[in-house]
1. If only one of B:135, B:197 is over 16 Å from the mean Cα position of the chain (by Cα) and among the hydrophobic types (A, V, I, L, M, F, W, C), which one is it?
2. Of all residues in region A:220-231, how many are open to solvent by 50 Å² or more (accessible area, probe 1.4 Å) and under 30 Å from residue B:194 (Cβ atoms)?
3. Looking only at region A:24-47, filter to residues that are part of a helix (DSSP H, G or I) and in contact (Cβ under 8 Å) with a residue 60 or more places away in the chain; which one of those is surrounded by the fewest Cβ atoms within 10 Å (Cβ to Cβ)?
4. Just need a number here: residues in region A:8-19 that are closer than 20 Å to residue A:63 by Cα and touching a Gly at 6+ places or on another chain (Cβ under 9 Å).
5. Condition check: surrounded by fewer than 19 Cβ atoms within 10 Å (Cβ to Cβ), closer than 26 Å to residue B:245 by Cβ and modelled with pLDDT under 95. Does residue A:198 satisfy that?
6. For region B:234-250, which positions are open to solvent by less than 20 Å² (accessible area, probe 1.4 Å) and within 24 Å of residue B:78 (Cβ to Cβ)?
7. Being facing chain A (nearest Cβ under 7 Å) and β-branched (Val, Ile, Thr) is the filter here, so list the residues in region B:155-173 that pass it.
8. On the basis of being closer than 23 Å to residue A:243 by Cβ and open to solvent by 10 Å² or more (accessible area, probe 1.4 Å), does residue A:161 make the cut?
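The values are calculated or read from the model by the stated rules, or taken from the named source; none is laboratory data. Computed from a prediction, not measured in an experiment: that's the story for all the values here. Cβ sites come from the backbone with ideal geometry, for glycine too, and all protein chains shown count toward neighbours. With ligands, DNA and RNA removed, areas are computed over all heavy atoms of the protein, side chains included. Shrake-Rupley method; radii C 1.70, N 1.55, O 1.52, S 1.80 Å.
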There are 2 protein chains.
Amino acid sequence: MTTPAPRRLAIIAGSGDLPLQVGIQARRDGFEVFFVLIAGSARPEDFNGFETTKLRLGQLGRFLKSLRTRDIKDVVIIGAVVRPALGDLVPDFGLLRHYFAIRHAFKGGDDHLLGGMVRLLENQGLTVRAPSEFLGELMPPSGTLSAMKPSRTALDEIDRGKAVLEALSAFDIGQAVVVADSRIVAVEGIEGTDQMLARVASLRAAGRLKPSARGVLVKLPKRGQDLRVDMPTVGPATIRNAAEAGLEGIAIAANAVLLADRPRTIALADSSGLFLHAIDWS
Amino acid sequence: MTTPAPRRLAIIAGSGDLPLQVGIQARRDGFEVFFVLIAGSARPEDFNGFETTKLRLGQLGRFLKSLRTRDIKDVVIIGAVVRPALGDLVPDFGLLRHYFAIRHAFKGGDDHLLGGMVRLLENQGLTVRAPSEFLGELMPPSGTLSAMKPSRTALDEIDRGKAVLEALSAFDIGQAVVVADSRIVAVEGIEGTDQMLARVASLRAAGRLKPSARGVLVKLPKRGQDLRVDMPTVGPATIRNAAEAGLEGIAIAANAVLLADRPRTIALADSSGLFLHAIDWS
């Protein structure tokens, strides 16, 4: 009798804690894990005890070869990587062969870029898996996670924010909005959620929001967003920034928004008196 | 034989040059003009040669009486007035009588507020007229106003921006967006166009936009926006801020966006190398 060959998983790792968490869970689940660390984003010293290689963005040929050598067919992409300018990539031959597909992917929003990358890997016979498979409790189901519950006003504002985000979804924007006083106060563009919240804090400081109108942050994936490569994330910084903006709380999509550092995020929501609420979304 | 009684027009004047321009044109058109200057917004010394009265926001009773006394039935509202908090209004008896209608109008977006005020005045037998009736060439028809014409890329970006604004229109937001590199870069919330453009300038300075991706500002009325009381406006500051954001140009809705200080605005667009283009919109 032979033991079955272990399943193998390559984790393409950007910055942050999540790549390591995915690796630890995948190993627990019986995978043999191989980390591909993106130079300048992932720090090699964080991955002791795992097999690693370091690649720069653009070294697609070397990447594909390193997987073929190890007979790896499954890939997870996780962690933050700064969106590169096409001209900043240091191409190897593998990238050049795919130049036109990549150039096409680089035109348009992030969905387009990441979707293009997933297709490119899948055309090479790889399976791109969702990090959420290995992140269980960091993707909470529907319900209130904090001690505070959303008020009736907040629930109405959440509905309104959700409707706006759905309307924007077709345009590959709109992961987050702030609704207060029955008005859409801020819409996230490419500046990101934290900068949008800083803007709301400024508007409040300038007296542009009624003190009595607290408001909510609503953060959802875009419709059609590929959660394998691009998960909306809420963490301690989001809570801090929402508190500074004077908001009542934060609504996220159940099973589709990542709670980075879950215990600290919920504890911070509680100590700030904010609600954190996962709404049904599919 | 008697000469016909002159038509009478009350102009409720906020800050800026436009109230005076409307008054001058209305007088040319044969109206007898009466200015109601909003205290803290319009400066009395700008209106020499016209009959004026000064009122604070909230003095609705006095306002209605001053019109009845003069047998005035037509009203234009023009110029910027800071959106007051309901609690900041110094109410007179006329306002108190309409308290519930006004309180209702104060909940929701600007459309809702201004629409409520228009209905309130119309219920008093007044006709609220559009300032554009008296602002002819400041509301340009479709076509390019600047020496620069929009590029093919810019025309595509204008289409995309227009589609986003239409999708947002249902939510009483979305007068302006910036589109660059085929992406929606920024969406205007309550911060206003100038602050949105400042944000795009920051994003560009931080390297978040490709230097080759210039981009456009698209500014339109919301669908259903009541142009009698709330006109989107583009002026010299808009041009300066768009230039600092590195944009290729500005698209506005034909016959529905006000060009403040037209000669200076167009001259500034030309000296900055920006296009200013009015698109068909209805």
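1. The unique qualifying residue is B:197.
2. The number of residues fulfilling the criteria is 0.
3. By that ranking, first place goes to A:25.
4. 7
5. no
6. B:234, B:235, B:236, B:238, B:239, B:250, listed by residue number.
7. Correct list: B:164, B:173.
8. When the stated conditions are applied, residue A:161 does not pass them.
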